[in-house]
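Below is one structure, written out as structure tokens; the observations come after it.
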Amino acid sequence: MRRYDILTLFPGMVQGAIQESILRRAQEKGLLEIRVINIRDYAVDKHRVVDDLPFGGGPGMILKPEPIFAAVRDCQRGHSEARVILMSPQGSRFDQKMAQELVQEERLIFICGRYKGVDERVRQALVTDEISIGDYVLSGGELPALVVVEALARLIPGVLGDEESARSDSFYAGLLDHPHYTRPACFEGMEVPPVLVSGHHEQVRRWRRKEALRRTRERRPDLLSSVPLSDEDRQLLEEIEREGGN
């Protein structure tokens, strides 16, 4: 069973999310344990102060090193090899490839920063990975940590009812996902593509691959340069080109 520890000053933000949907089912199945640790519980003074003014002056407050060091070391007890991830806008951009790498780890510790960030000595001595979910700034690392945890949970064998569901997600194989339809076959004059109700499995498979290539070409053409393309894929792309890309 995998275990993910989330260190935060606002455990309520995390607790609600991990008790719903896929994360709840993963825990109920005994495939994942998510522990929410309140950094404030490791403060060293009677007032449980976890932040202070930056040396050298300037606006904002910095999370002190002592509570974070104590919390991480407590989580690492018996698992010193656990990777320690700092959620930060300065980190490497999170993507599906990174998710597929991280899900191989049995133990992960997530540090959710707040205010102007954490004391640099946390990065120097504790952090093994620094991850960002995008080029923007949030008030803290709680929501980004939950994004990463859910992305990983989907990849743990047995969490999803259908393993093919995760394999067909956008980015899993490098492409965006193809369009999906369900009943009714006609809604407000909009028809489901006839091939999807034809019962011809090979034609359905080919249509889905073609539409995944088309959508990737239109929306994220940069991805095509890093995806291994088969002869069929190249043929489908040529068809899309002849059709004007639409």
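Taking amide H as placed 1.01 Å from N in the peptide plane, S132 has its amide H under 5 Å from the amide H of S88, G91, S92, R93, F94, each at least 5 places away in sequence or on another chain.
The slack between C186 and T128, meaning 0.36 nm per residue of separation minus the straight C-alpha distance, is 15.7 nm.
Once both axes come from the Cα atoms, what is the angle between helix 142-153 and the longest principal axis of the chain, in degrees from 0 to 90, rounded to 10? Taking the Cα atoms of the chain, the angle to 142-153 is about 50 degrees.
In terms of surrounding Cβ atoms within a 10 Å radius of their Cβ, Y136, Y181, Y115 rank from fewest to most as Y136, Y181, Y115. For the pair K97 and D52 in one chain, pulling the backbone fully straight at 0.36 nm per residue adds 12.5 nm over the alpha carbon distance.
The number of Lys pairs in the chain with C-alpha atoms less than 28 Å apart, excluding pairs fewer than 8 positions apart on the same chain, is 5. Taking each DSSP H run with n ≥ 4 as -39500 (n - 2.57) and averaging over every residue of the chain yields -10500 deg cm²/dmol at 222 nm.
Centre-to-centre, using Cα atoms only, segment 188-221 and segment 119-143 are separated by 40 Å. Summing Cβ point charges (Lys, Arg +1; Asp, Glu -1) relative to the Cα centre of segment 171-242 gives a dipole of roughly 140 debye.
What the Cα convex hull of segment 171-242 gives, in volume per residue, is 114 Å³. As a length-normalised measure over Cα pairs under 8 Å and 6 or more apart, the relative contact order of the chain settles at 18 percent.
Mean projection of the Cα convex hull over all viewing directions, computed for segment 22-119: 8.4 nm². For the chain, the longest principal axis of the C-alpha atoms and the axis of helix 201-219 are separated by about 60°.
If a spin label sat at a point 7 angstrom from the Cα of Q90 along the line to its beta carbon, the backbone N atoms of segment 53-78 nearer than 16 Å would be those of 54-65.
Since every read-out is calculated from the coordinates, none of them should be taken as a lab result. Please read all numbers here as calculations on a predicted model, not as lab measurements. Heads up, the Cβs are rebuilt from the backbone with ideal geometry, glycines too, and the neighbour counts pull from every protein chain shown.
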